[in-house]
């Protein structure tokens with residue numbers, strides 16, 4: 001068995017870089033967050049970690065553990081950062097439960113006494129503590145244009161046709177105008193959804209920051225424009241041959257009405273396919289996304305698996321109990337208010353009281369456990 005580790009606080013050993021790149025090339029499920037250039041970029045901004053390459057008879061794997069205080073993290077609630085390097089894996093997730101348990105065990109040993117939190121696309125087996133943290137859609141795009149269109153909900157196909165009939169065109173965002181316009185659209189979108197936003201994006205931020213993040217080599221931004229105006233944008237994280245990772249999107253009110261974002265989503269799929277990708281991780285699970293992808297997507301729940309030393313294992317199990325109690329208490333309170341035939345309960349627990357009770361439960365659990 002061979003286990004090689006690169007601490008991103010240190011210079012990269014060229015031999016490790018060669019082996020890592022070759023391993024990722026054997027995975028259709030690798031994403032940009034495993035790329036060496038991305039890891040270097042993160043380390044340059046103080047976000048460091050360990051890139052781990054394991055090669056043993058019959059299997060090879062690559063994963064990243066990121067430092068965050070006393071915790072070592074692998075992945076996020078919408079994206080995992082571990083792959084089994086096997087080119088024959090063509091399913092949506094590319095990793096099995098037993099393999100995830102194997103990687104958690106290795107990560108726990110490497111972590112040096114820290115707690116380990118690994119995000120994997122399945123529930124942990126009995127004996128491993130964990131809890132659900134997010135849901136996403138894995139969209140199979142290795143299909144013809146006609147199949148991609150037919151999979152959509154009819155309302156989304158109408159949106160695509162509407163945008164085309166009104167003169168929208170989709171282009172790669174290759175200019176500062178495209179990228180900054182998209183940043184302004186993102187801000188407008190957040191305002192439309194009731195979020196508080198700060199000052200407009202700077203006219204020209206440092207390279208790689210603000211709207212200039214779309215200049216980074218692992219970023220890909222498409223915009224939909226009409227009469228020279230950018231009305232919508234959709235951005236992904238890119239790794240050649242791997243999974244496209246949904247990063248950001250937004251539309252002006254006019255673009256939303258005209259169906260520009262639906263057109264962008266269709267173009268993202270067909271152009272992504274033409275770039276050699278098989279899957280898009282849409283980075284969430286919404287009604288709009290489900291209607292865009294239809295039967296070509298699989299809904300996946302991401303779980304946070306907890307590991308580390310024995311002490312951290314006990315803390316993890318306590319955290320799972322606390323989180324479970326929170327979910328069950330909130331569900332019970334809502335059922336008491338909203339359940340059919342519970343008019344008396346509604347009188348006892350009015351709508352305003354439900355929110356207050358949920359907030360109280362959260363405060364009590366957080367103060368009592370200190371781990372949530």
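Summary of computed values
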| read-out | value |
| --- | --- |
| Which of 211, 102 has the fewest Cβ neighbours within 10 Å, and the rest in rising order | 102, 211 |
| Prolate/oblate/rounded label for the range 142-277 (Cα gyration tensor, a/c 1.5) | oblate |
| Burial ranking of peptide ranges 267-274, 255-262, 89-96, 179-186 (average Cβ count within 10 Å, highest at the top) | 255-262, 179-186, 267-274, 89-96 |
| Sorted by Cβ neighbour density within 10 Å, fewest at the top, the residues 12, 263 | 12, 263 |
| Neighbour-count order for 170, 197, fewest beta carbons within 10 angstrom listed first | 197, 170 |
| Spatial separation of Cα centroids for the range 39-77 and the range 126-168, in angstrom | 29 |
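Laboratory data are not the source of any read-out in this text; all were calculated from the coordinates shown. The structure presented is a predicted model; accordingly, all values stated were derived computationally and were not measured. With ideal geometry, Cβ positions are generated from the backbone for all residues, glycine too; neighbour counts draw on all protein chains shown.
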